[in-house]
Amino acid sequence: MRKEVVVVVSTTLVVVAVGALVRRWKRKKEQQLRQTRNIIRKFAKDCATPVTKLWHVADDLVSTMEASLASSNETTSTFNTIVSSVTSLPNGEEEGVFYGVNLQGTYLLILRARLGGKNMPISGLHREEISIPNAVLAATPQEIIDFVATEIAKFVSAHPCNEAGTAAKKKKLGFTLSHPIDNAMPFTNDPVHKELVKDINHALKNHGMEMQVFALVDDAVGGLAGGRYYNRDNVAAITLGMSTKAAFAKPAQESDLAQSPNSNEQIISMEWGNFRSSHLPLTPFDTSLDAESSNPGKGTFEKLISGMYLGEIARRVLLEIAQETALFGSKVPPKLRTPYLLRSPDMAAMHQDTSEDRQVVAEKLNEVFGITRSTKMAREVVAEVCDIVSERGARLAGAGILSIIKKLGRIENRKSAVTVKGGLYEHYRIFRNYLHSSVWEMLGDDFSDNVVVEHSHGGSGTGVLFLAAAATRTHTQVGDS
């Protein structure tokens, strides 16, 4: 009998002890969950972009644009508005075969296609992406230019124009530069590129090429040309990829700067990634990212809206949550501490995961950070952080778009179209939807139909073909007059 009593008492003590441990574990988990919610709540509040704030940002950007345009020195600040050497945009009537080149970082994209008019899609598109060898990148500017000219000549020989006589001889070669070209080829830093154009044309001539480059411009100007070809109301183009740029067309009579007598528009390319404003919703995570970046104090707008940085902001938030609340277990996953390991395509995949258990999130956490086990709650937290970061970036980009339309005085009484290109916009559906909704919200019911944001035509890099078409038309008209 005594043994039975002892066993009962011992069992009771064990049950009490286990119950206490379970209650303690539950309290700890509840506390961690509260901490997680508090961190996310504060982050969301700091990232908030109500319409009033978006208009403050847009107004500040308009003021910054006007100050930059009024300056006679294009390099007085990091926010550069560059008067493009392109003096005409397409009118949608250009037809024929055209060639273009996009130089981006360590590779060269060469294109050939036939334009059949604004009611017809691009046809006969040939594109070749050529990696520039490290040995060439380490060589002199002239050797790099000769390599580019050689590859262009080879491409044109393999994909001939098949147009004879004067028409073929008057063809112009479109040429655009993309970020991060400055890092790979510092000699391209001159915003006007006049000497570089001469050097490229000299090299092309040495390789037997009759086509000549008329201007080197940012690829956002190419996007503007592509948009204008299909829509006469297109007045601006935005690049939203790993980096961000903008370009717009303004009536020439509004500018005090020198203009081509053959143009009634002035084409402006804008390094708006360097825009700063006290109204930008910056958080401690943005501050630490900027301080540890390769360009602290610069690229503030770009670090909020471009694909290079969205995943990194999300990673920093997740790291803090993991450190404070053991979101992924008692030990912080080592790879979660690695900067820039979370890329925007992976972020988009997790954010857009609609499966019941967030299976894509689980797969990406394993693939990117080596997190093999995660709770459903942790996966929901990851998706929520991605949502906050992407919504802020997209809505700020929308404010940027409307700042251009406001600068042009077209919000209330004119229809305007804006072309957007870049992988972030093209492949991140939720980001794209947030951008569109911000534009609609800012304009309100009265003016929401006045601005259309649309995807670029023809695919990546094709804007350069429309530039070539416009330049060829202009050159032919001048020659015939």
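Computed quantities for the displayed model
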item: Full-extension gain in nm, ASN366 to GLN142, via 0.36 nm per residue minus C-alpha separation; result: 76.0 nm
item: Cβ crowding within 10 Å averaged over residues, with 55-64, 306-315 ranked highest first; result: 306-315, 55-64
item: Extension gain, LYS42 back to SER278 (0.36 nm per residue minus Cα-Cα distance, nm); result: 83.1 nm
item: Out-of-range pairs (alpha-carbon distance over 18 Å; input LYS53/LYS406; LYS194/LYS250; LYS245/LYS303; LYS42/LYS298; LYS172/LYS198); result: LYS194/LYS250; LYS42/LYS298
item: Proximal charge balance of ASP353 [Cβ under 14 Å; K/R count +1, D/E count -1]; result: -3
item: Counted charge near ASN295, where neighbours are those whose Cβ lies closer than 10 Å (Asp, Glu -1; Lys, Arg +1); result: 0
item: Label-point gap, in nm, between ASP59 and LYS298 - each point 7 angstrom along Cα→Cβ; result: 3.1 nm
item: Environment charge of GLY463, counting only residues whose C-beta is closer than 9 Å and scoring Lys/Arg +1, Asp/Glu -1; result: 0
item: Accessible area of the range 274-392 belonging to carbon and sulfur atoms, whole % at 1.4 Å probe; result: 48 percent
item: Modelled FRET efficiency - R0 22 Å, ALA135 with LYS194, Cβ distances, 0.05 increments; result: 0.20
item: Relative packing of 368-381, 206-219, which averages over residues the other C-beta atoms within 10 Å, highest first; result: 206-219, 368-381
item: Protection proxy ranking, peptides 128-135, 398-405, 332-339, average beta carbon neighbours within 10 Å, highest first; result: 398-405, 332-339, 128-135
item: Computed label-point distance, nm, for sites SER448 and LYS335 using a 7 Å Cα→Cβ extension; result: 4.2 nm
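The values are calculated or read from the model by the stated rules, or taken from the named source; none is laboratory data. It should be emphasised that the depicted structure is a prediction, and the values quoted were computed from it without experimental measurement. In this analysis, Cβ positions are derived from the backbone assuming ideal geometry, glycine residues included, and neighbour counts consider all displayed protein chains. Just so you know, the surface numbers come from the protein's heavy atoms only, side chains and all, with ligands and any DNA or RNA stripped out. Shrake-Rupley method; radii C 1.70, N 1.55, O 1.52, S 1.80 Å.
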